[in-house]
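To start, the structure under review is shown below, and the notes come after it.
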Amino acid sequence: MGENSKNKRRCSFCGRPESEVGFLITGLNGYICDSCSQQAYEIVQEAMKGSASGANSLDLKELPKPVEIKEFLDQYVIGQDAAKRYLSVAVYNHYKRLLQKSDSNEVEIEKSNIIMVGSTGTGKTLLARTIAKLLKVPFTIVDATVLTEAGYVGEDIESLLTRLLQVADYNVAEAERGIVFIDEIDKIARKGDNPSITRDVSGEGVQQGLLKLLEGSIVNVPPQGGRKHPDQKMIPVNTKNILFICGGAFDGIERKIAQRLNTNVVGYGAAKETVKIDRSNMMQYIAPQDLKSFGLIPEIIGRLPILTYLNPLDRNALRNILTEPKNSIIKQYIKLFEMDGVKLVFQPEVYDFVVDKAIEYKLGARGLRSIVETIMMDVMFDIPSMKIKEYELTLDYARQQMEKTNLSRLQNA
């Protein structure tokens, strides 16, 4: 009797009887099974997400102002005020471009792509990753080192936009309002001043390919990337409203700057007019012509009108990076031990020791983590199995751990 009644009641959506589903929800004039209700929920969520996105969801009053963007960056990135200000203004202006109503009589605001120059470990990629947390538009970080000309081993230029499409869940309208951070832009510099007979497939050829993306044009993007799926249907993406931020170390560009300023980096022949030049930080005098002499083609430089630099990190900056930011390295280790019920305490001298080693190995901020990880490895292995409430890491222990390790490994990190 019970089995017959279960077969009589059916889901009004899929038609399956009650005996074949988990359970039925009774309505006024019908039923819905657990499977159909789950699918209905997912459809509603997708529809709500689609309606919430788009340029209409942006409101100038609600957008973070440049000062607020910089304050957010200050929580995670130490120093680099000039680069933060440039980034904050560029992102805010990008929002305003998206909100501008298309009117033939109005002034059309052009996008201002940025290029950030700074030695390794100064925070270029960290700035990009941090600002991504705050943005109301799709954002992706891509690496220029893997790019080659079409037809060669490596990734095509269009793969930059494939990543952006993936972040935007293949919503083309959303992707066309996004921001792309191209890291290691200096690695596609022309290898020599003279045009070569052989093709520079990962250098000048890639720069030529980037031109159409930076300026703004309709690009056919492979949705699954590259040449592994040659039969896939291309998706046209208009890059007119996509903001491009580029970053690179430009290792050795200081010599180009010194030559332009007619400054002797080493020697006694310093002219009187160059006395005020700070030779320890030549990067602050960077100009577009230095990028050209380094190997970027003039057309690329012209499409990256905003040029900013990141200062080299001194001892105080490295000390602050170790402990002050919201997600500093030391705070991360304290949190890890806290999850095991152990209070981790560092002697203040340990911080100075770690900074000294980072300066000695010339690793920048990126090297701080390598050094702390080397010091902490044995402790992290043993402490979870020990029944202790507190552990203090001493300077003597830190020195002992550093002496045990292969120091050359850190120098090549």
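General observations
- A single entry from Lys61, Lys70 fulfils the requirement of being buried (at least 16 other Cβ atoms within 10 Å of the Cβ) and either within 19 Å of Glu176 (Cβ to Cβ) or of a type in the set (D, E, K, R) (or both): Lys70.
- Single condition Thr308 does not satisfy, out of (1) part of a helix (DSSP H, G or I); (2) under 22 Å from Asp74 (Cα atoms): (1)
- A count restricted to the range 319-340 and to residues that are within 21 Å of Tyr397 (Cβ to Cβ) and more than 21 Å from the chain's Cα centre (by Cα) stands at 11.
- Qualifying residue in the range 50-67 (condition: on the phi < 0 side of the Ramachandran plot, at pLDDT 90 or above and part of a helix (DSSP H, G or I)): yes
Yes/no per residue for (1) modelled with pLDDT under 85; (2) closer than 15 Å to Arg303 by Cα:
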| residue | (1), (2) |
| --- | --- |
| Thr162 | no, no |
| Asp169 | no, no |
| Glu184 | no, no |
| Asp193 | yes, no |
| Val201 | yes, no |
| Leu214 | no, yes |
| Ile218 | no, no |
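- Per the conditions (1) surrounded by 14 or more Cβ atoms within 10 Å (Cβ to Cβ); (2) at pLDDT 80 or above; (3) in a loop (DSSP other than H, G, I, E, B), the sole criterion not satisfied by Gly225 is (2).
- Residue in the range 380-394 that is assigned to a loop (DSSP other than H, G, I, E, B) and within 32 Å of the chain's Cα centre (by Cα) present: no
- Test: residue in the range 260-271 that is modelled with pLDDT of 80 or more and over 30 Å from the mean Cα position of the chain (by Cα): yes
- Residue in the range 103-126 that is in contact (Cβ under 8 Å) with a residue 12 or more places away in the chain, of a type in the set (A, V, I, L, M), surrounded by fewer than 21 Cβ atoms within 10 Å (Cβ to Cβ) and closer than 17 Å to Lys61 by Cβ present: no
- Taking the listed residues Asn29, Asn4, the one that is at pLDDT below 90 and assigned to a helix (DSSP H, G or I) is Asn4, with no other qualifying.
- Taken over the range 364-380, the criterion of being within 18 Å of Arg399 (Cα to Cα) and either touching a residue at least 60 places away in the same chain (Cβ under 8 Å) or open to solvent by 70 Å² or more (accessible area, probe 1.4 Å) (or both) is satisfied by Gly367, Arg369, Met377.
- Qualifying residue in the range 370-383 (condition: in contact with a Gly (Cβ under 6 Å, 6 or more places away or on another chain), at pLDDT below 95 and under 24 Å from Ala317 (Cα atoms)): no
The values are calculated or read from the model by the stated rules, or taken from the named source; none is laboratory data. This is a predicted model, so every value here is computed, not measured. No Cβ is skipped: glycine too gets one built from the backbone with ideal geometry, and neighbour counts run over all protein chains shown. We work out accessible area using only protein heavy atoms, side chains counted, and drop any ligands, DNA or RNA first. Shrake-Rupley method; radii C 1.70, N 1.55, O 1.52, S 1.80 Å.
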